[in-house]
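Structure record follows, encoded as structure tokens.
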Amino acid sequence: MSPDRQTGSPDETLSGGHTVEFPGGYTRSTGPVIGRFLTELRDGRIVGVRARSGRVLVPPTEYDPHDGSPVTGEFVEVGPAGTVTTWTWVAQPRPAHPFTRPFAWALILLDGADTPLVHALDLGPDSGPAPPRRLRTGLRVRPRLRDERVGDITDIACFRPEVDRITAPTRLDYTIRAGPALTRYLDAQLEGRILGMRSRHGTVYVPLRDVDPTDGSPGTEEVELPDTGVLTMFSVNHVPDPRAPEVPFVTGYVRLDGADVDLLALIGRVEPSRVRTGMRVRAEWLPPEERSRTRPSIRWFVPAEKGEDDR
Amino acid sequence: MSGRPVAVIGVGQTRYRTRRDDVSIAGLVREAALRALEDAGLDFADIDAVVLGKAPDLFEGVVMPDLYLADALGARGKPLLRVHTAGSVGGSTGIVGASHIASGAFERVLVVAWEKQSESNATWALTLAHPMSTSLVVGAGGYFAPFIRAYIERSGAPGRIGPMVAAKDRRNALRNPYAHLRIPDITPEMVEATPMLWEPIRYLEACPSSDGACAVVLGGRTAARAAPGAPAWVLGTAMRSEPIAFAGRDAVDPRAGRDCAADVYAQAGIADPRRDIDVAEVYVPFSWYEPMWLENLGFASPGEGWRLTESGATAIDGDTPWNPSGGVLSANPIGASGLIRFAEAAQQVRGAAGDHQIDGARTALGHAYGAGSQFFAMWIVGSECP
């Protein structure tokens, strides 16, 4: 006992670090069976031994643990791939463990073997305290062998999942042009004005566009529309969306007074349960300093003011 | 349809799953293609042209997947065409394949449609917005929910109809070994107990995200005679589209769908679809689209579709069964979903639909729609050569 520190309190038990280590390490004779396994492993192969029952024992032993009978002299190459039969997740590795990040101890049944081998299973650098979802019984794995092998079970650094998925980052950079009609529409919104187009059929489209979508004919005139209208259809969304304030939120189609097509819009300042088809709504504009030429300047539509007939 | 007779002489499907991690994209489409070829008693060398259907490239991030998959589908040195009409693409792909034969240009055509939704996120891909306009829908469900509410308000349908459809199609799926969702003993009450996503659509009223592929081999008269199995004869095909927004558009009951149905019925000699069509595989990704399409397709008068559903007429033992395979509500590899409807219709009239076979089915409708209810593709198949 070599206490390295004494505490002042008489109530505390004296404690300190202590190490026992046999100089140079104990030696083990491997015998012909385990020795063959380790020798093959040093050469990069994993072998098992066939028992009299025909089963292949991995790692091999001199006797069949099932009934104590001596094994045959037949060595069988197995793996290197295998299947996880069970596992435990090590969320907080200890100093002697093969990894400093979380990993699994797993029983791995190598292809061609009848008994499983226990070894470390590395699920990758992103491994956290909780076992990854892909870690499950049946996971296919392969060993990572060390470059410098010495004939030790740690010549297998670890097992890793077989490659069954890769990521393929894809990115396209665009320059988006609004076109003349949408540019004019967005510009007008900076001033709180909503522009539409009257088609040659007399129908009014909003946002402003160049042509009638039914026949491609050019518009006959630009028209300014009020920022009031009727909610024609809507949905209450319970699926979150970064563009909406919170769930549930209401999206709907607003038919502006004088228009013949609907605007898709967020509906705000109303309990979702009180929203109904036919409700009169008006635009709530962003304050002028928050408006931009590059996106709509209407924050959302809200129920029209009290007193207005909303039927 | 005009031109030479066209027959479905082989059908192949993969099992539909949330993830098909065990196969690559090429492996997935080959699985369906090889099964269809085996069914037709053919191999790649016998095929004259290949048509490939696929929804938006952003779903998997594979641009021009037809070129990528050409050699996987035995298309080297052969005409290969890619079709893309959003969610209706599977149906359009079948129709393009059929017109290849009807034109007289080819005798045996392989048609393949697929989606591997697990490779990315379809909702992300569907909700990418132009930065200078408003986009406030959360995927397909968020887009269709207002139309469904409008249908309910317009028709006075009771709220129980959607859950009835969801339970019916999922019960049918239990008879279909390829179906993705398998929920034993599912009931409308179970559907009603699931969370609301986009009112009025609940979780179990929405289709799943699936990986999967479907393939059919189409042939002319000579090919049909040589095929080992019974052919399904294509009695009519039609496609229609309309803009997503125009003055007077009825998104609940789109004109493109009505026009498409009228066209395909006229070709196939269908006077009354409910009476003359024995079984229908209709694109119903959200439960309420059954009553909505019952009306759009002329099986029921406007406002009356939900009564047909409620009466049990569309059940597998009803007088006008819809989606005996379990439909899109039970498996939705988007790009393949329309071709699956077409293929299942063909299997019914071939007598090859297994445990979800409708006894004596001689005439069947395959239906697909896509984008904002804008693109429609339909075919009618029958057991007799026209």
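Applying the selection to the stretch A:159-168, what residues are more than 9 Å from chain B (Cβ to nearest Cβ) and either free of Cβ contacts under 8 Å to residues at least 24 places away in the same chain or open to solvent by less than 40 Å² (accessible area, probe 1.4 Å) (or both)? Scanning the stretch A:159-168 gives A:159, A:161, A:163, A:166, A:167. Could you tell me whether the stretch A:274-284 includes any residue that is out of contact with any Gly (no Cβ under 9 Å at 6 or more places or on another chain) and within 21 Å of residue A:186 (Cβ to Cβ)? No. All told, residue A:253 falls short of being at the interface with chain B (Cβ under 9 Å from one of its Cβ atoms) and open to solvent by less than 10 Å² (accessible area, probe 1.4 Å).
Of a type in the set (Gly, Ala, Ser) and crowded, with 16+ Cβ neighbours inside 10 Å: which single residue out of A:130, A:104 fits that description? Give the derivation first.
Working: A:130 fails: crowded, with 16+ Cβ neighbours inside 10 Å.
Every option except A:104 fails the conditions.
Considered as a group, the residues in the stretch B:123-141 that are buried (at least 21 other Cβ atoms within 10 Å of the Cβ) and either within 7 Å of chain A (Cβ to nearest Cβ) or touching an Asp or Glu at 6+ places or on another chain (Cβ under 8 Å) (or both) include one that is farthest from residue B:335 (Cα to Cα), and that residue is B:136. Among the residues of the stretch B:201-247, those that are out of contact with any Lys or Arg (no Cβ under 9 Å at 6 or more places or on another chain), of a type in the set (D, E, K, R) and open to solvent by 20 Å² or more (accessible area, probe 1.4 Å) comprise B:202, B:225.
So in the stretch A:224-250, with the set limited to residues that are open to solvent by less than 20 Å² (accessible area, probe 1.4 Å) and among the aliphatic types (A, V, I, L, M), which one is nearest to the other protein chains (Cβ to nearest Cβ)? Please lay out each step first, then the result.
First, pick out the residues of the stretch A:224-250 that are open to solvent by less than 20 Å² (accessible area, probe 1.4 Å): A:225, A:229, A:231, A:234-237, A:244, A:249-250.
Then drop every residue that is not among the aliphatic types (A, V, I, L, M), which leaves A:225, A:231, A:236, A:244, A:250.
Numbers: A:225: 14, A:231: 10, A:236: 4, A:244: 7, A:250: 9 Å.
Across the stretch A:224-250, the extreme among qualifying residues is A:236.
Of everything in the stretch B:1-54 that's within 23 Å of residue B:239 (Cβ to Cβ) and of a type in the set (D, E, K, R), which residue is surrounded by the most Cβ atoms within 10 Å (Cβ to Cβ)? So, considering only residues that are within 23 Å of residue B:239 (Cβ to Cβ) and of a type in the set (D, E, K, R), the one surrounded by the most Cβ atoms within 10 Å (Cβ to Cβ) is B:54.
Out of B:182, B:170, B:154, I need the residue that is more than 12 Å from every other protein chain (Cβ to nearest Cβ) and surrounded by fewer than 21 Cβ atoms within 10 Å (Cβ to Cβ). Which one? Explain how you work it out, then say what you get.
Details: B:170 fails: surrounded by fewer than 21 Cβ atoms within 10 Å (Cβ to Cβ); B:154 fails: more than 12 Å from every other protein chain (Cβ to nearest Cβ).
Only one candidate qualifies: B:182.
Residue-level check: of (1) open to solvent by 70 Å² or more (accessible area, probe 1.4 Å); (2) within 40 Å of the chain's Cα centre (by Cα); (3) of a type outside the set (Asp, Glu), residue A:156 misses just (1).
For residue B:192, the conditions (1) touching a strand residue (DSSP E or B) at 6+ places or on another chain (Cβ under 8 Å); (2) open to solvent by 60 Å² or more (accessible area, probe 1.4 Å); (3) at the interface with chain A (Cβ under 9 Å from one of its Cβ atoms); (4) not aliphatic (A, V, I, L, M) all hold with the exception of (3).
If the condition is being part of a loop (DSSP other than H, G, I, E, B) and farther than 14 Å from residue B:205 by Cβ, then the stretch B:135-159 contributes B:135, B:136, B:137, B:138, B:156, B:158. Looking across the stretch A:179-196, the residues that are aliphatic (A, V, I, L, M) and either open to solvent by 30 Å² or more (accessible area, probe 1.4 Å) or touching a helix residue (DSSP H, G or I) at 6+ places or on another chain (Cβ under 6 Å) (or both) come down to A:182, A:190, A:195. Summed over the stretch B:260-291, residues that are polar (S, T, N, Q) and within 18 Å of the chain's Cα centre (by Cα) total 1. Filtering the stretch A:74-95 to residues that are open to solvent by 20 Å² or more (accessible area, probe 1.4 Å), part of a loop (DSSP other than H, G, I, E, B) and either modelled with pLDDT of 90 or more or not assigned by the TED database to the domain that holds residue A:140 (or both) leaves A:74, A:80, A:91, A:92, A:93, A:94, A:95.
Among strands (runs of 3 or more DSSP E) lying entirely in the stretch A:182-243, which contain 3 or more residues that are touching a residue at least 60 places away in the same chain (Cβ under 8 Å) and in the same structural domain as residue A:275 (by the TED database)?
Working: elements: A:194-198, A:221-225, A:228-237.
Qualifying strands (runs of 3 or more DSSP E): A:228-237.
The values are calculated or read from the model by the stated rules, or taken from the named source; none is laboratory data. For clarity, every value in this text was computed on a predicted model and none was experimentally measured. All Cβ positions, even for glycine, are placed from backbone atoms using ideal geometry, and neighbour counts span all protein chains on display. Ligands, DNA and RNA are stripped out before the accessible areas are found, and what is left, the full protein with its side chains, is counted by its heavy atoms. Shrake-Rupley method; radii C 1.70, N 1.55, O 1.52, S 1.80 Å.
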